[in-house]
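> Take a look at this one; I'll ask things after.
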């Protein structure tokens, strides 16, 4: 039996997936489970949904997202500059020894410095293309959507287009 494909996520990548046409369907090509800490669950629902569960139901991802409490609590570098969900996601990735979806600059720097493998959604588009899960045209379309939604900048967009024929 194939091992479940799991990854931890911070809030930003989930917002990026919301901005993509069928973004959550896309990420299902790569992962069976996205694990998030309670702080991330609260952040994605805040201001839009009555409860975090309502968010999961709205996007049809109750079976994809697993909310997992964090048991680690040691102080992280630059802790004062991290959001609660971001710090929890870094702790959770360490605790579970899993890669982390994260897009914020400071959080990426902290996670990378702690030896965590990181990626944003643009990196996942590239991964899906390299695995043959999506075509070059689909990858270009997803990257363009991320650019138009303000989720990546033009420099990242052009750099990624250069490696997808």
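> Return the ratio Rg/(2.2 N^0.38 Å) for region 6-121, where Rg is computed over Cα atoms only.
Relative to the rule-of-thumb radius for its length, region 6-121 sits at 0.98.
> Kirkwood hydrodynamic radius (Cα pairs, Å) of region 1-43?
11.1 Å
> Using only the Cα atoms of region 91-165, construct the convex hull and provide its projected area averaged over every direction, in square nanometres to one decimal.
5.4 nm²
> Sort 133-145, 30-42 by packing, meaning the average of other beta carbons within 10 Å per residue, with the highest value first.
So the peptides 133-145, 30-42, ranked by packing, come out 30-42, 133-145.
> If you don't mind, another one. Report the semi-axes of the equivalent ellipsoid for region 63-118 in whole Å, largest first, where each axis is √(5λ) for an eigenvalue λ of the Cα gyration tensor.
17, 13, 11
> Right, another one. Averaged across orientations, what area in nm² does the convex hull of the alpha carbons in region 32-75 project?
3.6 nm²
> Using only DSSP helix segments of four residues or longer, with each worth -39500 (n - 2.57), what per-residue ellipticity at 222 nm results for the chain after dividing by its residue count and rounding to 500?
Calculated at 222 nm, the ellipticity per residue is -15000 deg cm²/dmol.
> Also, I was wondering about something else. So which residue, out of 111, 50, 79, gets the largest mean-square fluctuation from a GNM of the chain using Cα contacts under 10 Å as springs?
Looking only at 111, 50, 79, the biggest GNM fluctuation is shown by 50.
Computed from the coordinates by the stated procedures, all read-outs in this text should not be read as laboratory data. Predicted model, so just to flag it, every value in this text is computed and none were measured. Here Cβ is always computed from backbone atoms with ideal geometry, including for glycine, and neighbour counts include all displayed protein chains.
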